[in-house]
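Taking it in order: structure first as structure tokens, then the write-up.
The values are calculated or read from the model by the stated rules, or taken from the named source; none is laboratory data. Worth saying up front: this structure is predicted, and the values here are computed from it rather than measured. Ideal geometry is used to build each Cβ from the backbone, glycine not excepted, and the neighbour counts take in all protein chains shown. Remember, those area values only see protein heavy atoms, side chains included, never the ligands or the DNA or RNA. Shrake-Rupley method; radii C 1.70, N 1.55, O 1.52, S 1.80 Å.
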Amino acid sequence: MDSLKQYAPATQRNREPILEVLLRALPKSGNILEIASGTGEHSLFFAPAFGPRQWIPSDPNPMARDSIEAWRKDSFVDNIQPKLNINAASLSWGIEEQELNITTIVNINMIHISPWAACLGLMEGAKRILPSGGILYLYGPYKQGGKHTAVSNESFDQSLRSQNPEWGVRNLEDVIKVAEEKGLIFQEKVEMPANNLSVIFQKQ
Ligand SMILES: C[S@@+](CC[C@H](N)C(=O)[O-])C[C@H]1O[C@@H](n2cnc3c(N)ncnc32)[C@H](O)[C@@H]1O
């Protein structure tokens with residue numbers, strides 16, 4: 001099982017500052033759906049801080065789902081649900097009819113490493129799943145006012161686009177616009193280490 005575990009070193013660096021924001025900004029009840037959990041290391045670190053509420057990891061990539069499961073099985077954390085297979089861009093996430101009591105959706109470092117359709121789908125999905133007052137939490141690098149906020153983000157953007165022309169660092173105002181069109185109202189942005197932002201929306 002260990003061989004299925006993947007490691008993303010960035011999670012070690014960003015997990016504590018992210019947790020600090022999550023603890024302050026998330027609703028005090030209800031379960032947390034993570035879209036694009038990646039290796040699953042974040043789930044393992046964040047879930048204990050919210051127990052007995054359930055942390056529900058997901059990823060469309062089968063290798064990521066294997067890794068999430070490998071980390072979960074080996075841990076003593078008892079409030080991580082089995083991983084789901086969710087592609088944010090899908091018209092249905094397959095859980096809309098389930099009573100999962102999800103009041104928060106967390107999405108870390110996805111919308112610049114996926115086509116814009118994934119961001120649109122994330123907002124559509126959050127509209128379908130979240131109750132009024134529910135929170136959508138995003139983390140990642142953003143342009144602001146159409147401009148990069150750091151040279152490192154500009155180089156990162158170029159490298160993303162060279163890997164896939166549909167990827168790239170998004171403009172924060174564009175993300176806020178599509179969120180608000182779905183009734184997800186921008187609450188705040190928080191400056192994070194390494195020129196990233198936490199961006200928080202609340203469902204109307
Ligand atoms: C850079 S990784 C970030 C993973 C994790 N959140 C982290 O911070 O380590 C990007 C993740 O987005 C996932 N992803 C890409 N496109 C997606 C989509 N359309 N819907 C959901 N997840 C997606 C990938 O499978 C990958 O696990």
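Summarise the accessible area of the chain (1.4 Å probe, protein heavy atoms) by the percent that is carbon and sulfur. Kindly include the intermediate steps, with their values, before the conclusion.
Working: 5040 of 9680 Å².
Ligands and nucleic acids excluded, carbon and sulfur give 52 percent.
Through the Karplus equation 6.51 cos²θ - 1.76 cosθ + 1.60, θ set to phi - 60°, convert the phi angles of segment 101-118 into ³J(HN,Hα) values in whole Hz; use x for Gly and Pro.
Coupling constants for segment 101-118: 6, 7, 10, 9, 10, 10, 9, 10, 6, 10, 6, 8, 10, 7, x, 4, 4, 5 Hz.
Rounded to the nearest 500, what is the 222 nm mean residue ellipticity of the chain from helices alone, with -39500 (n - 2.57) per DSSP H run of 4+ residues and division by all residues?
Numbers: 6 runs with 73 residues, N = 204.
Helices in the chain give a 222 nm mean residue ellipticity of -11000 deg cm²/dmol.
Round to the nearest 10 and report in Å² the accessible area of Glu69, as given by a 1.4 Å probe over the protein chains' heavy atoms.
In the full protein context, Glu69 sits at about 20 Å².
Using Cα-Cα distances under 8 Å and only pairs 6 or more residues apart, what relative contact order does the chain have, in percent? Provide the component values of the computation, followed by the final result.
Details: 383 pairs, mean separation 39.0, N = 204.
Reported relative contact order: 19 percent.
Using the heavy atoms of the protein chains alone and a 1.4 angstrom probe, what is the accessible area of segment 105-177 per residue in square angstrom? Don't skip to the answer; put the middle values down first.
On the way: 3040 Å² over 73 residues.
The answer is 42 Å² per residue.
At 7 Å along Cα-to-Cβ for each site, give me the label-to-label distance between Ile185 and Ala10 in nm.
Each label point lies 7 Å from its Cα, and together they span 3.1 nm.
Provide Ser92, Ser198, Ser132 ordered by accessible surface of protein heavy atoms (probe 1.4 Å), highest first.
Values: Ser92 70, Ser198 0, Ser132 90 Å².
These residues rank, largest area first, as Ser132, Ser92, Ser198.
Can you pull the accessible area of Trp93 for me, 1.4 Å probe, Å² to the nearest 10?
Surface accessible to solvent at Trp93 totals approximately 10 Å².
Assign unit charges at the C-beta atoms only (+1 for Lys and Arg, -1 for Asp and Glu), then state the dipole size of the chain relative to its Cα centre in Debye, rounded to the nearest 20. Before the final figure, lay out the partial values.
Values: 20 positive and 23 negative charges, 47 e Å.
Value, rounded to 20: 220 debye.
Could you tell me the accessible area of Val151 in Å² (1.4 Å probe, neighbours in place), rounded to the nearest ten?
Rounded to the nearest 10, that gives 110 Å².
For a 20 Å ceiling on Cα separation, which of these pairs sit above it: Lys83/Lys182; Lys28/Lys177; Lys83/Lys143; Lys127/Lys177? Walk me through the intermediate numbers first.
Numbers: Lys83/Lys182 26 Å; Lys28/Lys177 27 Å; Lys83/Lys143 31 Å; Lys127/Lys177 14 Å.
Pairs exceeding the cut-off: Lys83/Lys182; Lys28/Lys177; Lys83/Lys143.
So what's the gap between the Cα centers of segment 178-197 and segment 28-56, to the nearest angstrom?
Segment 178-197 and segment 28-56 have Cα centres spaced 19 Å from each other.
Against the 2.2 N^0.38 Å scaling, with N counting residues, where does segment 2-203 land? I'd like the Cα-based Rg ratio to two decimal places. Before the final figure, lay out each step's value.
Details: Rg = 15.9 Å, N = 202, 2.2 N^0.38 = 16.5 Å.
Segment 2-203 yields a ratio of 0.96.
Only bridges with both residues in segment 74-204 count here: give the DSSP antiparallel percent, nearest 5.
Values: 15 of 22 bridges.
DSSP beta bridges in segment 74-204 are roughly 70 percent antiparallel.
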